[in-house]
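The structure appears below as structure tokens.
What follows is calculated from the coordinates using simple rules that are stated; it is not laboratory data. It should be emphasised that the depicted structure is a prediction, and the values quoted were computed from it without experimental measurement. FYI the Cβ positions are ideal-geometry reconstructions off the backbone, even for glycines, and counts take in every protein chain you see.
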Amino acid sequence: MIEAFFMAISPSYLMYMTIGILLGLVVGTLPGLTATMGTALLVPFTFGLPTGEGIAMLGGLYVCAMFSDAIPACLVNTPGTPAAMATGFDGHPMVKQGRGQEAIVAACFASALGTIFGAACYLLLAWPMVSVALKFGPPQFFWLGVFALTIIGSLAGKSILKGLAGAAIGIIISCVGISHAAEINRFTLNIPELRGGVSLVAGLIGVFAVPQVLSMILDLKKQEYVAEYKPESGVILRTIKKVISAPIHFLRSAVIGSFIGILPGAGSPIAAIVSYNEAIRWSKDKSQYGKGDIRGVTASEIANNAAAPAAMIPLVTLGVPGSAPAAVIAGALMLRGLNPGPELFGTNAALVYSFGWSLLLAGIIVFFIGMIATPLLVKIIKIPLRLLAPLIMFLAIIGAYAIRNNIFDVYLMLIIGIFVFLVRRLGFHPGPIGLGLILGPIIEPSLVQSLYISHAVGVQKVFFTGSVNIILISLSVISVSAVAISRFRSKGKSVVD
């Protein structure tokens, strides 16, 4: 462990890690350029480096992209990656209130705290926590997805029914393509390009970015899209004090993010959503969430950044990546002749632990780089609408196209965006639609696999027995009940409009 620490603080490690961090700042800021895509593009450039430095560089990009994706989510309500969707729920209203600097400082500091916590879990709790992750099979992932869906009550706006309908729309969009249960086409309309499904990134850009641009076009008479940014002295220290004044909020979000990060396939988006939902559920004052509450920003950012290092735990101990970027890093290791899993942990422990230390140090460095970059980044909100709208649309098109180099994804993004713009004017919140898009690829395959298993042992045994299933079902019921009771008390009438 000590040898690994000195490896991580060597000049070469720190230099390449910092280069990765700077690249991650760009990757996360541009909508559509996900952390997965960034790490994949960087892999070829690490071949000429020693293994430790190359992996540290990839880790630096991954960690910073998890922070910088909050920048467009807050400034223009367009998440840089799916993990930042929940950040924009409160981050963007803060920007519209003239609190852009506070929103980004909170996101940056929360990201640093989450990364440090997740990296500490990586270094200290790998083996004990992996034993829990091993208990998660298809039924458990199904219930985890159901539990994540309970956030709809918090995102639905005035109508839970519209929230549920929005989530159903998102799930249906995610089901386009070849069925997981049988080799049949679903919702493809005899269009060959739809057989491959809807790209998650293109779908999310369509849900969040395109409606935003269309709204900007309708508001061109305004000088600026959001309130003018007014720099204030002491914002950084004041914001940091707000974040550290809620230690229970931090611990809850960090534990949720780390735990979900360890679960293979769950990833940062679910960690952020669950953490945001739990922050609302445990809050005494729920009225400001979704209207510019700094706790909404920190809950999402702490969790999704804690999940990033934690996703490496099953990779280095079991050989199973906990996230898509972790899978890319696994590929980088395999290209060097190193097989992730128990063998790697046993024969290259110094490399494994030096990577953990690099992730922890990256969290610290990201905070300072983020603070330096913040005064420049918040100036984006002063761009006139006539320039900002086409700029966001250009980045959206590039992001949708770049994932699969397929122009059809751009058409899908535009169609989804126009549809969401129209239903939003009918009172539908885009959040549940985006949530359905994210959770659909997790819930549906898990349900199908679980049903296949149930043919042999029965539905009841697969879905309703086992401690993990019972815990997740109980948490889902409690979460839904809490939202229903809160709405009933606040409105004094039925929770369904």
Charge tally for neighbours of residue 401 with beta carbon under 15 Å away, counting Lys, Arg as +1 and Asp, Glu as -1, is -1
Between residue 190 and residue 45, what length comes free when the chain is fully extended (0.36 nm per residue of separation minus the Cα-Cα distance, one decimal in nm)?
48.1 nm
The summed charge of the residue 298 Cβ neighbourhood (under 10 Å; Lys/Arg +1, Asp/Glu -1) stands at -1
Roughly speaking, what is the stretch gain from residue 477 to residue 452, that is 0.36 nm per residue apart minus the C-alpha to C-alpha distance, in nm to one decimal?
6.5 nm
Starting from the Cα of residue 284, step 7 Å toward the Cβ, then list every residue of the stretch 238-259 with an amide N under 14 Å from that point.
246-249
Return the tail of the calculated pair distribution for the stretch 2-491, meaning the percent of Cα-Cα pairs more than 28 Å apart.
50
Using a basic spin-label model with each label point 7 Å from the Cα along Cα→Cβ, how many nm lie between residue 470 and residue 350?
4.8
Using mean Cβ contacts within 10 Å as the protection proxy, how do 287-297, 107-117 order, highest first?
107-117, 287-297
Ranked packing of 245-256, 438-449, 354-365, most packed first, by mean Cβ within 10 Å:
354-365, 438-449, 245-256
For a quick protection proxy, order the peptides 119-126, 55-62 by their average other-Cβ count within 10 Å, most packed first.
55-62, 119-126
Express in nm, to one decimal, how much length is gained between residue 364 and residue 2 on full extension, taking 0.36 nm for each residue of separation and deducting their alpha carbon distance.
128.4 nm
